[in-house]
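Heads up, the thing below is written out as structure tokens.
The values are calculated or read from the model by the stated rules, or taken from the named source; none is laboratory data. What you are looking at is a predicted structure, and each value in this text was computed from that prediction instead of being measured. A quick note on method: Cβ atoms are made from the backbone with ideal geometry, for glycine too, and the neighbour counts reach across all protein chains shown. We work out accessible area using only protein heavy atoms, side chains counted, and drop any ligands, DNA or RNA first. Shrake-Rupley method; radii C 1.70, N 1.55, O 1.52, S 1.80 Å.
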Amino acid sequence: MNRRFLLVLLSSVSTAVLFLFLIVLFPGESGSFGLKLMGLRIKQGNNTFSALHRKLLHGTKMKEPNRLPGEKCTKADIVINQGATRPLPTGIPTYTVEIMNICVTGCDISGIHLNCGWFSSARLINPKTFRRLHYNDCLVNDGKPLINGGTVSFQYANTFLYPLSVSRVICS
């Protein structure tokens, strides 16, 4: 073989190994630095999926809610995170939702209702987990208490992400 060819090949391989080493050594925030640098894309049939779809939920900054004296909990004690996940085989985008009870006073919260518009899903959701009662009124956990520190999660499929927010809760 040609010496020049071997030198170029060796240089390319060592650069690739160094690049991968740096990705492992310095993953960045949420371990996504390497994926963002590589811009990894997977081609499957007619669909192209980005590796960034694995970034599931986007955290929100939490602040302590203003409590009235004697108030055990507020609707601010329920945090909703949602993010895009792998689409259905038909190409319909899917989203994962996590609804968490972060009550600092140790309270269980029931009767959690969300503002949800005309929420609908191409993927079946267990109605005991989450269901739309009326326009802009969805019920979480069949109205039963979500224990302190507990989480309810589900996936839905629709062409767009539904903005979800807490409308009312019952402190248990």
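Below are the figures for this structure:
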| item | result |
| --- | --- |
| Contacts under 7 angstrom Cβ, first residue in region 109-123 being more than 7 Å from Ile170 (Cα to Cα) and touching a residue at least 12 places away in the same chain (Cβ under 8 Å), partner buried (at least 16 other Cβ atoms within 10 Å of the Cβ) and of a type in the set (Lys, Arg), 6 or more apart | Cys116/Arg132; Phe119/Arg132 |
| Of all residues making up region 87-145, the number that are polar (S, T, N, Q) and closer than 14 Å to Leu161 by Cα | 5 |
| Matching residues in region 80-101 - criterion: being of a type in the set (A, V, I, L, M, F, W, C) and either within 23 Å of Ile147 (Cβ to Cβ) or crowded, with 16+ Cβ neighbours inside 10 Å (or both) | Ile80, Ala84, Val97, Ile99, Met100 |
| Residues satisfying the stated conditions in region 102-136, i.e. open to solvent by less than 20 Å² (accessible area, probe 1.4 Å) and either assigned to a strand (DSSP E or B) or charged (D, E, K, R) (or both) | Ile109, Ser110, Gly111, Ile112, Leu114, Phe130 |
| Single condition Asn158 does not satisfy, out of (1) under 19 Å from Arg86 (Cα atoms); (2) touching a residue at least 24 places away in the same chain (Cβ under 8 Å); (3) exposed (fewer than 14 other Cβ atoms within 10 Å of the Cβ) | (3) |
